[in-house]
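First the structure, in the form of structure tokens, and then the observations on it.
The values are calculated or read from the model by the stated rules, or taken from the named source; none is laboratory data. If you're wondering where the values come from, they're calculated on a predicted model, not measured in any experiment. As a convention, Cβ positions derive from the backbone with ideal geometry for all residues, glycine included, and neighbour counts pool all protein chains shown.
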Amino acid sequence: MIVILKPEVKSEGPELEKIKKFLEQFPGINVKLVELTGKTRTVREVHLIGSTHDVSRELLQSFPGVERVIRVSTKYRQIGRDDIDIVPVGFTYNGIRFDQDGLHIFGGPCAVDTPEYVEAAFKALRDAGITTARMGAYKPRTSPYDFQGHGAACLPWVFDLAGRYGIKVIAMEVLKEQHIEEISEALEKAGAPTGVMLQIGTRNAQNFELLKAVGNQNQFPVLYKRGMGLTLEESLNACEYIASEGNRNIIMCLRGAKTQLGWPHRNLVDFAHVPVVKRLTRLPVCIDPSHSVGSKEHAPDGLIDIFHAAAQGVIAGANMILVEFHPQPEAALCDGPQSLTVEEFHRFTEDVSIVRTAYEQRVNACSRELVREMIQ
Ligand code: PEP
Ligand code: MN
């Protein structure tokens with residue numbers, strides 16, 4: 001059950017105390033105050049966790065300061081849409097708005113390698129007018145003998161360079177709780193020239209302790225990548241783990257599912273789920289065409305498969321794209337074969353904007369149709 005408070009009710013106000021006092025008579029219920037900051041207002045909700053069968057919705061509804069009481073039937077209490085459309089969708093981080101309407105491209109190498117390549121990547125982003133990047137300092141690799149990432153040692157110069165090129169957010173994978181602290185400390189020491197979105201990789205999609213750790217902090221938003229062998233439901237439950245710890249600034253990323261049916265792509269592209277995730281949750285949806293496709297083959301029409309896959313997600317309303325490019329893909333220490341060159345990356349951004357315009361036209365045509373039906 002969720003009690004939505006009126007906008008003027010404060011976290012320490014007498015209205016909230018009254019509600020808490022009333023709920024004390026139901027010992028099996030855990031009471032949690034949740035604050036959601038949206039575009040126009042901060043919504044405060046009281047979440048009642050446990051069996052709320054005996055709690056009268058009507059009685060609670062009559063308490064001073066209560067705007068609405070909702071019985072939640074959905075499993076996704078925090079991230080789900082249910083009928084709580086009043087609750088804001090999306091969040092702002094380091095000056096950038098993430099919601100189910102916008103679109104951001106996060107480009108860059110798979111892994112941080114040399115300062116020269118990282119600088120060239122940031123420069124390419126700046127030339128494209130993009131302030132969002134991707135690159136990992138901690139890399140989970142299939143083989144223990146492969147490059148594992150430079151770790152915390154590279155963070156100071158990566159953040160410093162990012163700041164110099166106006167990068168506002170870097171999506172960076174974390175493999176354990178300690179990595180969050182290392183990122184936080186390095187950012188602080190550097191004077192916060194940029195921001196970080198903590199990435200949960202597909203290999204950690206059900207690492208519940210890690211999910212709780214990123215959920216238990218509010219400094220960084222979280223990019224959750226769907227488990228490569230998980231159902232959509234299992235991955236949404238994993239996002240719910242993050243949110244239930246208190247951090248709702250989550251983006252859900254589709255990155256393809258592992259199956260032989262995906263051949264010759266690395267994974268089976270699952271971007272048809274973009275509108276599904278938008279319907280079921282309030283989360284902005286990211287697509288990762290690089291890891292879905294995993295190669296740089298061209299179709300006979302001249303377009304790279306990665307472009308075609310990205311287009312499928314963008315035409316369906318994706319809000320973020322994670323895409324790998326490298327100033328010299330053949331020298332990349334990780335995922336070189338699927339990395340676009342800088343020139344290809346620039347063509348990629350142009351292609352995305354063509355498709356995005358088509359998506360916006362589709363949405364406009366659809367809403368014109370709805371208005372026509374309403375006035376008839
Ligand atoms: C990545 O984005 O660098 C990555 C390792 O992706 P995934 O976890 O989806 O394989
Ligand atoms: Mn990669």
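List of remarks:
- Filter result for residue 203 (basic (Lys, Arg) and either touching a strand residue (DSSP E or B) at 6+ places or on another chain (Cβ under 6 Å) or under 30 Å from residue 357 (Cα atoms) (or both)): no
- Filtered by the rule that a residue be among the charged types (D, E, K, R) and under 16 Å from the mean Cα position of the chain (by Cα), segment 173-202 gives a lone residue, 173.
- Total residues in segment 1-51 satisfying the condition of being β-branched (Val, Ile, Thr), in a loop (DSSP other than H, G, I, E, B) and modelled with pLDDT under 85: the figure is 1.
- Looking only at segment 159-171, and only at residues there that are hydrophobic (A, V, I, L, M, F, W, C) and under 18 Å from residue 95 (Cα atoms), the one that is nearest to the chain's Cα centre (by Cα): 171
- Pick from segment 253-271, criterion touching a residue at least 40 places away in the same chain (Cβ under 8 Å) and within 17 Å of the chain's Cα centre (by Cα), ranking: nearest to ligand 1 (Cβ to nearest atom): 255
- Among the residues making up segment 169-181, those that are within 16 Å of ligand 2 (Cβ to nearest atom) and aliphatic (A, V, I, L, M) are 170, 171, 172, 174, 175.
- For segment 121-140, a residue qualifies if it is touching a Lys or Arg at 6+ places or on another chain (Cβ under 8 Å) and outside any loop (DSSP other than H, G, I, E, B), and the qualifying residues are 122, 132.
- Enumeration of residues in segment 308-324 that are within 16 Å of ligand 1 (Cβ to nearest atom) and within 17 Å of residue 250 (Cα to Cα): 318, 320, 321, 322
- Elements of type helices (runs of 4 or more DSSP H) in segment 247-361, at least 2 residues being of a type outside the set (Lys, Arg) and surrounded by fewer than 21 Cβ atoms within 10 Å (Cβ to Cβ): 274-280, 305-314
- Pair list, Cβ < 6 Å and 6+ apart or interchain, from segment 164-185 residues that are of a type in the set (Gly, Ala, Ser) to residues that are within 16 Å of ligand 2 (Cβ to nearest atom): 171/106; 171/134; 171/197; 171/199; 171/223
- Criterion violated by residue 139 - all others in (1) touching a residue at least 60 places away in the same chain (Cβ under 8 Å); (2) not assigned by TED's automatic domain parsing to the domain that holds residue 274 satisfied: (2)
- Looking at 121, 152, 205, just one residue is more than 14 Å from ligand 2 (Cβ to nearest atom) and either outside the structural domain of residue 252 (by TED's automatic domain parsing) or more than 24 Å from residue 228 (Cα to Cα) (or both), and that residue is 152.
- Any pair with Cβ under 7 angstrom, 6 or more apart, that starts in segment 28-44 at a residue that is outside the structural domain of residue 55 (by TED's automatic domain parsing) and ends at one that is part of a strand (DSSP E or B) and modelled with pLDDT of 80 or more: none
- Candidates 309, 257 - the one that is within 16 Å of ligand 2 (Cβ to nearest atom), at pLDDT 95 or above and under 20 Å from residue 201 (Cβ atoms): 309
- The set of residues in segment 76-105 that are part of a loop (DSSP other than H, G, I, E, B) and at pLDDT 95 or above comprises 94, 95, 99, 100, 101, 102, 103.
- Selection count, segment 206-246, where residues are among the aliphatic types (A, V, I, L, M), within 13 Å of ligand 1 (Cβ to nearest atom) and not in a helix (DSSP H, G or I): 3
- Matching residues in segment 212-252 - criterion: being touching a residue at least 12 places away in the same chain (Cβ under 8 Å) and of a type in the set (Val, Ile, Thr): 214, 222, 242, 250, 251
- The single residue among 102, 166, 90, 136 that is within 30 Å of residue 324 (Cβ to Cβ) and within 16 Å of ligand 2 (Cβ to nearest atom) turns out to be 136.
- Failed item in (1) in contact with a helix residue (DSSP H, G or I) (Cβ under 6 Å, 6 or more places away or on another chain); (2) modelled with pLDDT under 95, with residue 213 passing the rest: (2)
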